[in-house]
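Just so you know, all these numbers are worked out from the coordinates, no wet-lab data involved. It should be emphasised that the depicted structure is a prediction, and the values quoted were computed from it without experimental measurement. Here Cβ is always computed from backbone atoms with ideal geometry, including for glycine, and neighbour counts include all displayed protein chains.
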Amino acid sequence: MNEDNKYAPPRAPVGDMSDADDELATRGARFAGAFIDGLIVALLIWPYLLSTDYWARANAGTIGVSDLLGISLVSMILFLVLHGYLLQKYGQTIGKRIVGTRIVSSADNQIIQLGKVFSLRYVPIQLASVIPVLGTFLPIIDVLFIFREDRRCLHDLIAGTKVVKVR
């Protein structure tokens, strides 16, 4: 390459350093955001549960994996309807927006496409939670990962994400 070419692009490494110092969200902020999101979905799923014979069968002990899969499917659809736009555009759910956090790629601090963040961050843990025995412990193990130094839960490790404060 000709060193005197005045039309050549600069050779200095150029990168977006604006997100390089993203601060990890606190454990409390992560809990609050997840609690708000869970509360919203729970309030919306209750009418579905009340309009079916779910509670009667639950009290009789006849709830099966197919029932749990059905509730999980309805919950995931509600989740996408409620949070899909915010996740795609800002990397946030309603709860994360309220508490001032967002989900970004752990590799480059960029917002992840909705399909990827949903299919890797939310679906695996949700589906695993309906498996007998494993489903009882996996969600607990998932959130206990927050006590690691990098504050990333199991679902963050699966999806390659982290939750940071919004500046």
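The residues of region 140-151 that are assigned to a helix (DSSP H, G or I) and surrounded by fewer than 16 Cβ atoms within 10 Å (Cβ to Cβ), listed by number, are I140, I141, L144, F145, F147. K89 meets all of the listed conditions (1) surrounded by fewer than 15 Cβ atoms within 10 Å (Cβ to Cβ); (2) closer than 23 Å to I141 by Cβ but one, namely (2). For region 71-98, filtering for residues that are under 22 Å from A128 (Cα atoms) and not in a helix (DSSP H, G or I) leaves 1. Hey, could you check region 43-67 for residues that are exposed (fewer than 11 other Cβ atoms within 10 Å of the Cβ) and among the hydroxyl-bearing types (S, T, Y) and say which is nearest to L82 (Cα to Cα)? Restricting to residues being exposed (fewer than 11 other Cβ atoms within 10 Å of the Cβ) and among the hydroxyl-bearing types (S, T, Y), the top hit is S51.
The residue of region 99-137 that is nearest to S75 (Cα to Cα), among those that are without any contact (Cβ under 8 Å) to a residue 60 or more places away in the chain, assigned to a helix (DSSP H, G or I) and more than 12 Å from the chain's Cα centre (by Cα), is L127. Only a single item in (1) without any contact (Cβ under 8 Å) to a residue 24 or more places away in the chain; (2) surrounded by 13 or more Cβ atoms within 10 Å (Cβ to Cβ) is not met by I40, and it is number (1).
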